[in-house]
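Everything on this sheet refers to the single structure shown next.
None of the figures in this text is laboratory data; all of them are computed from the coordinates on show. Predicted model only: the values in this text are computed from it and were never measured. Here the Cβ is made from the backbone with ideal geometry for all residues, glycine too, and neighbour counts use every protein chain on show.
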Amino acid sequence: MTVKAGALIMAALLALYLALVGWRAVQFITTGEPVAVAMGVALIVLPVIAAWALWRELAFGIRSQALMKRLEAEGGLDLGLPLLPSGRADRAAAGAEFARFKDDAEAEPDSWRAWLRLGLAYDAAGDRRRARQAVRQAIELDRAAR
């Protein structure tokens, strides 16, 4: 199963969940009992927060994938890192080469390409949190340039 198919299935299941929970929330609220009304409101608010979080992740994935395709089409996707048999970059080599990508991003702070490569280097080195921050920066820079 591809990542896109998995994401679409999760989105469809979330929509079904929202519909069923929404119906139950309306039933709770219409009873008029204070505790039931509070439960009904919670059943409406919490799934909406979950839907927002899912949308945010899907949007991040779509936008980052579009930037990756653009960078690949330009020939700038190869980081020059040795790969393991699994196809992932070697973490030790990525850590050793990391300074080069960081220097590139600092030299060109308005370049989405440099920030995207920095995000890929962070990911290869195993730092997912900073990788996502760098890719978000690349998305924002690309959005501002358009």
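First check a/c for segment 71-118, with a ≥ b ≥ c the square roots of the eigenvalues of its C-alpha gyration tensor; if it is under 1.5, answer rounded, and if not, answer prolate when a/b is larger than b/c or oblate otherwise. Verdict is oblate for segment 71-118. Summing +1 for each Lys or Arg and -1 for each Asp or Glu among the other residues whose beta-carbon sits under 10 angstrom from that of LEU77 gives +1.
Give me the net charge for the shell around ALA114: Cβ to Cβ below 10 angstrom, other residues only, Lys and Arg +1, Asp and Glu -1.
My count for the surroundings of ALA114 gives -2.
Per the Kirkwood formula applied to alpha carbons, segment 6-122 shows a radius of gyration over Rh ratio, Rg over Rh, of 1.25. Residue exposure proxy: ILE9, ILE29, ordered by other Cβ atoms within 10 angstrom of their Cβ from fewest to most, comes out as ILE9, ILE29. For the chain, complete DSSP H runs whose alpha carbons reach 30 Å or more along their own long axis and whose mean Kyte-Doolittle score is 1.0 or higher are 3-30, 34-73. For segment 91-145, rounded, prolate or oblate, judged on the Cα gyration tensor with a ≥ b ≥ c (square roots of eigenvalues), a/c < 1.5 rounded, else prolate if a/b > b/c? Taking the square roots of the gyration eigenvalues as a ≥ b ≥ c, segment 91-145 is oblate. For ARG146, the shell of other residues with beta-carbons less than 13 Å away shows a net charge of +1, using +1 for Lys and Arg and -1 for Asp and Glu.
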